[in-house]
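Chemist: Shown below is the structure under consideration.
What follows is calculated from the coordinates using simple rules that are stated; it is not laboratory data. The structure displayed is predicted, hence computed values, not measured ones. Glycine gets a Cβ as well: all are built from the backbone with ideal geometry, and neighbour counts include every protein chain shown.
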Amino acid sequence: MHLFLNTTSPYARIARIALAEKEIGDLSADIVDPWADAPQLLEVNTAARVPALVTGEGRSLTESLLIVMWLEHERPEPSLLGHDVTAVLSLAGIAMGVIDAAVHTLIGRKITDADFDDAPVGLRRRRSIVDGLQRLEADPPEYTKGVPDLSVITTVTALDYVRFRFGTATWISELPRLDALAGLVRQRQSFEMSYPRA
């Protein structure tokens, strides 16, 4: 199998963590710049987005959560959906909303100008980030040890990405429960090796 990724993409990070936690060992990877329309990425994903996973059969899978679904089907153990699938997916949905708002804020800045953050759409994205993180802080995913479920993976990915991209923003409040959760799982190799780096 072959994975196309970017070291700062939260979507690619979700797929990387899931692949590592499922102990997929026969995996090679290419780091690509999705903004550059890399020909090898376009060949497997016409949308030029990461992650893109080429299976052993040569099929292209795109979108992080679809890759997780495929992994759950192909290798059900250890499960990334936990014992209460509805609760896991509910929290993962909130975390994905945070990730989407953060990514779209950066895209908005890239395609418009520096005033995007204070425009109505930019302010709505900021509200989505803040409110989503506050909901997760009020009711964080449960984790003690072992393989983290999808709610933990997406929540920590969202937190790390927001801190990575908006670390000096004054609108990010204290999130001690999420920081404690992140501190626990960052000790796992899957989280440490995929931590966003410029």
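Chemist: Among what's in region 98-117 and is closer than 21 Å to Gln134 by Cβ and either of a type in the set (Asp, Glu) or touching a Ser or Thr at 6+ places or on another chain (Cβ under 6 Å) (or both), pick the residue that is surrounded by the most Cβ atoms within 10 Å (Cβ to Cβ).
Modeler: Ala101
Chemist: Next up: Conditions first: (1) closer than 15 Å to Pro176 by Cα; (2) surrounded by 12 or more Cβ atoms within 10 Å (Cβ to Cβ); (3) of a type in the set (A, V, I, L, M). Ala138 passes all but one, so which condition is the exception?
Modeler: The single condition Ala138 does not satisfy is (2).
Chemist: For Leu61, work out the one condition from (1) touching a helix residue (DSSP H, G or I) at 6+ places or on another chain (Cβ under 8 Å); (2) aliphatic (A, V, I, L, M); (3) assigned to a helix (DSSP H, G or I) it doesn't fulfil.
Modeler: That leaves (3) as the condition not met.
Chemist: Closer than 20 Å to Pro176 by Cα, in a helix (DSSP H, G or I) and touching a residue at least 60 places away in the same chain (Cβ under 8 Å): does that describe Leu91? Can you show your working first?
Modeler: Working: closer than 20 Å to Pro176 by Cα: yes; in a helix (DSSP H, G or I): yes; touching a residue at least 60 places away in the same chain (Cβ under 8 Å): yes.
Spelling it out, Leu91 is indeed closer than 20 Å to Pro176 by Cα, in a helix (DSSP H, G or I) and touching a residue at least 60 places away in the same chain (Cβ under 8 Å).
Chemist: Go through (1) in contact (Cβ under 8 Å) with a residue 24 or more places away in the chain; (2) of a type outside the set (Asp, Glu); (3) assigned to a helix (DSSP H, G or I); (4) surrounded by fewer than 16 Cβ atoms within 10 Å (Cβ to Cβ) one by one and return the number of the condition Ser151 breaks.
Modeler: Checking Ser151 against (1) in contact (Cβ under 8 Å) with a residue 24 or more places away in the chain; (2) of a type outside the set (Asp, Glu); (3) assigned to a helix (DSSP H, G or I); (4) surrounded by fewer than 16 Cβ atoms within 10 Å (Cβ to Cβ), the one that fails is (4).
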